[in-house]
Amino acid sequence: MRRVSLRFTGPFKVTVHDEPAVMPEPHQVLVQTECTAVSPGTELLVYRGEWPEDVPLDDTIDALSGAFRYPLKYGYSAVGRVVDVGRDVTRDWLDRRVFSFNPHESLFLASPENLIRLPESLASEEAAFLPNMETAVSFVMDGRPALGEQAAVFGQGVVGLLTTSLLSRLPLAYLVTLDAYSLRREKSAECGAHAVLDPRESDTVTRLRTMLPEQEPGGPDLVYEISGNPEALQQAMNVAAPNGRIVVGSWYGDKRAHLDMGGNFHRGRLSITSSQVSRMAPCFSGLWTKSRRLRFALNMLEEVRPADLITHRFHISRAADAYALLHEHPEKAIQVIFRYEDVE
């Protein structure tokens, strides 16, 4: 079978390469990819060359354990079927549809313990949302929303919309979201936000605060910043209620946030928490494991059914067009999916 893989070869440079066929070692299986999902946040950092040189790709995922340097394979959301097994692997793995944290490529090797078997009730393209849904679950857990709280979410990209979908299922008093792009704002309302605002408007902070049904203590109790824009963190600090909590899920790469740490932050006794999906927060580690969180995220995909968030599908051979779209016209795209038909 023909094998192709996507490689980032430099800033704004993406190529698709033919590679030698691979055969499984005794403890491995061979997976033929059906689709992979592009994560616009982290993958655009790689695409633009904004990844900090001193930060490993991801030391919790075997396929991404190396250092950042071009050329490199990247991506972590692959869905496919097992087409061959090594001699030490039970044959019941054959033809299993599986998820893997693997880069964009048409065939790949994996150990069974690193694969997630998928239920037939979940479409392959929806299963490709698993890493982003796990991230959304992690954000909600780290924010610890309480009954009747008022919450705001800055950023309605893929992860932001999934986070909104989860928060909307909780008994919050009010949920307001913010994004600069009209397409994302429309989807946010469909995902359950009570109100959706454009953060670029000059009166956004005032409008957000005045629309809340509970005017005391004067802003959202809980604010998420997951826009990927460092400037949004200051806005999150400006709108938060006194004693409010801000959860920062954005990773800005080599961009810097310039913050006013006086005023509302200092007098309001705001708390700012970093949320990152690779590891469980210490407060949950005694009860939750990563595998438990992944199982829950998989269940949430069956409930949320995020296929409507897919705006574009590209054959893997057109990968360069996909990244150019996400970079040049983010207002037009939410979730981009790569397909692998006719790669044999």
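Think of the stretch 221-344 as having a plus end and a minus end, set by charges on the Cβ of Lys, Arg, Asp and Glu; of ILE337, SER278, ASN229, SER278 sits farthest toward the positive end of this dipole. In degrees from 0 to 90, rounded to the nearest 10, what is the angle of the helix 230-239 Cα long axis to the longest principal axis of the chain? Rounded to the nearest ten degrees, it is 40.
Rounded to the nearest 20, the size of the Cβ-charge dipole of the stretch 132-274 about its Cα centre is 120 debye, with Lys and Arg at +1 and Asp and Glu at -1. Computed about its Cα centre, the charge dipole of the chain is approximately 360 debye, with only Lys, Arg, Asp and Glu carrying charge at their Cβ. Cross-link partners for LYS187 among the aspartates and glutamates, with Cα-Cα distance under 17 Å and sequence neighbours closer than 8 places in the same chain left out: GLU126, ASP179, ASP198, GLU303, ASP308, GLU331.
Our summary gives the stretch 132-274 a relative contact order of 22 percent, counting only alpha carbon pairs under 8 angstrom and 6 or more residues apart.
A simple spin-label model places pseudo-atoms 7 Å from Cα toward Cβ; at ALA324 and ALA146 they are separated by 5.2 nm. Among rounded, prolate and oblate, which fits the stretch 132-274 when a ≥ b ≥ c are the square roots of the eigenvalues of its C-alpha gyration tensor, a/c under 1.5 means rounded, and a/b larger than b/c means prolate? Because its axes are fairly even, with a/c under 1.5, the stretch 132-274 counts as rounded. Tally the DSSP beta bridges in the chain and give the antiparallel ones as a percent, rounded to 5. Percent antiparallel among DSSP bridges in the chain is about 55.
Can you give the calculated 222 nm mean residue ellipticity of the chain, where each DSSP H run of n ≥ 4 adds -39,500 (n - 2.57) and the sum is split over every residue, rounded to the nearest 500 deg cm²/dmol?
Values: 10 runs with 94 residues, N = 344.
Here the helix-only value at 222 nm equals -8000 deg cm²/dmol.
Maximal additional length on extending the HIS258-ALA281 stretch stands at 5.7 nm, based on 0.36 nm per residue less the C-alpha distance. Helix 290-304 and the longest principal axis of the Cα set of the chain meet at an angle near 80°.
Note on the stretch 109-174 and the stretch 23-52: Cα centroid distance 20 Å, given to the nearest whole angstrom.
Assuming R0 = 25 Å, can you tell me the calculated FRET efficiency for the pair MET1 and HIS312, based on Cβ-Cβ distance, to the nearest 0.05? The calculated FRET efficiency here is 0.40. Mind checking the stretch 63-130 for GluC sites (Glu not before Pro) that DSSP puts in a loop (not H, G, I, E or B) and that have at most 14 other Cβ atoms within 10 Å? Hits after loop and neighbour filter: GLU120.
Bear in mind that the values in this text are calculations on the coordinates, not laboratory data. These numbers were taken from a predicted model, which means no experiment stands behind them. Here the Cβ is made from the backbone with ideal geometry for all residues, glycine too, and neighbour counts use every protein chain on show.
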